[in-house]
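J.: Take this structure first; my questions come after.
The values are calculated or read from the model by the stated rules, or taken from the named source; none is laboratory data. Just so it is clear, the model here is predicted, and its values are computed rather than measured. Quick reminder, even Gly has a Cβ in these numbers, built from the backbone with ideal geometry, and neighbours come from all protein chains shown. SASA here: full protein model, heavy atoms, side chains in, ligands and nucleic acids out. Shrake-Rupley method; radii C 1.70, N 1.55, O 1.52, S 1.80 Å.
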Amino acid sequence: MSILNFICNTNAYKNLSEDQKSIFCKYMTVLPALEANEENCKAVISFAEENNINFNTIKALIRFTCEDLNDIKIRIAVYKEAGYERIILNNPELIRFDAKEVLYRIEQCIKAGKGIEIDGRFAEFLFDDLQWKTVKENLCDEDVTVNELASKGKSAESKILRDAATKPDEQGLTALEKILFVNDAYDLDADQFERYIQLTELLKNVRHAIYTVDVGDNTEARISSDMVISKLIGYSTESNLSNNDIIKACLYYCNGETNLTGVDSIIEELELNQENKRGL
């Protein structure tokens, strides 16, 4: 049985909402890594079921399953000893973060008289290095609330994402790597996921138009187009990124395409054709 079939036959997967099951395809790129470590994958899911760790999103299931079982046990033990086991029980995907660092940030917030939860969820900046940098600089401001801290952190990260997308360069790549490898907190809603599907198709068509063959990401690319599209769509409301911005960012960072002259017209024409096919 393939790892895909195995996951789809677990209670962890079966208990997900139909909405979440429908976006499983978004995570197909991680399946080879799971296949390569199949025994760990099966052991991790068994451990989750034995310890009442429930998954509400497909992202949580996949991210948790990708972790090494020994690391999972160590991190849960650290949280449990500190009285914060609920971090993982409520959001299993957060298991990939350094538990000691997260607890340090929690301690700093409490010392400063700030909250650590927003709308019943642990603040995103506790698990995000770039957001935390901004939050830490403002922790001692007595007049700033935890919600305002979170807003400051997200605004700072949003600017970095926008700059990386609209002015692609090596500095932007470094910034994207820090964000994409550490934080993927956005769960795409229905409209965002629809845009994700459309942009994935559009990127494929644009690549074919440029290179005359179907190509994916370069094998030496340090970040994947899937990661770039997902993250930039998640932040598009705040950073106002266009489809052209996101497609060109993928070409630059994932295909090494430094000459983007004339690409806008190609994207716009193919996007129009794509919409016409849908009858829009």
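J.: Consider the stretch 117-126. How many of its residues are at pLDDT 90 or above and buried (at least 18 other Cβ atoms within 10 Å of the Cβ)?
T.: 4
J.: Now for a different question. Under the condition of being modelled with pLDDT of 95 or more and under 22 Å from the mean Cα position of the chain (by Cα), which residue from the stretch 73-89 is nearest to GLU101 (Cα to Cα)?
T.: So, considering only residues that are modelled with pLDDT of 95 or more and under 22 Å from the mean Cα position of the chain (by Cα), the one nearest to GLU101 (Cα to Cα) is ARG75.
J.: Could you please let me know if ALA99 is surrounded by 15 or more Cβ atoms within 10 Å (Cβ to Cβ), within 22 Å of the chain's Cα centre (by Cα) and in contact (Cβ under 8 Å) with a residue 40 or more places away in the chain?
T.: The answer is no for ALA99.
J.: Being open to solvent by 20 Å² or more (accessible area, probe 1.4 Å), at pLDDT 85 or above and touching a Lys or Arg at 6+ places or on another chain (Cβ under 9 Å) narrows it down to one of GLU39, GLU67, so name that one.
T.: Details: GLU39 fails: touching a Lys or Arg at 6+ places or on another chain (Cβ under 9 Å).
Result of the check over GLU39, GLU67: GLU67.
J.: With ILE179, ILE246 as the choices, which residue is within 16 Å of the chain's Cα centre (by Cα), at pLDDT 90 or above and surrounded by 21 or more Cβ atoms within 10 Å (Cβ to Cβ)?
T.: On the way: ILE179 fails: at pLDDT 90 or above.
Going through ILE179, ILE246 in turn, just one is within 16 Å of the chain's Cα centre (by Cα), at pLDDT 90 or above and surrounded by 21 or more Cβ atoms within 10 Å (Cβ to Cβ): ILE246.
J.: Test each condition in (1) outside any loop (DSSP other than H, G, I, E, B); (2) farther than 14 Å from LEU173 by Cβ for CYS250 and report the one that comes out false.
T.: Here CYS250 clears every test but (2).
J.: Can you name the number of the only condition in (1) assigned to a helix (DSSP H, G or I); (2) under 27 Å from GLY115 (Cβ atoms) that GLN171 fails?
T.: Checking GLN171 against (1) assigned to a helix (DSSP H, G or I); (2) under 27 Å from GLY115 (Cβ atoms), the one that fails is (2).
J.: Here's a check for you: in the stretch 83-96, which residue that is in contact (Cβ under 8 Å) with a residue 24 or more places away in the chain and open to solvent by 30 Å² or more (accessible area, probe 1.4 Å) is farthest from ARG121 (Cα to Cα)? First the steps, then the outcome.
T.: To start, the set of residues in the stretch 83-96 that are in contact (Cβ under 8 Å) with a residue 24 or more places away in the chain comprises 87-96.
Filter once more, keeping what is open to solvent by 30 Å² or more (accessible area, probe 1.4 Å): 89-90, 96.
On the way: LEU89: 12, ASN90: 9, ARG96: 17 Å.
Residue satisfying both the conditions and the ranking: ARG96.
J.: Can you tell which of ASN218, ASN259, ASN240, ASN276 is modelled with pLDDT of 85 or more and farther than 19 Å from GLU177 by Cβ?
T.: Working: ASN218 fails: farther than 19 Å from GLU177 by Cβ; ASN240 fails: modelled with pLDDT of 85 or more; ASN276 fails: modelled with pLDDT of 85 or more.
When all the criteria are applied, what remains is ASN259.
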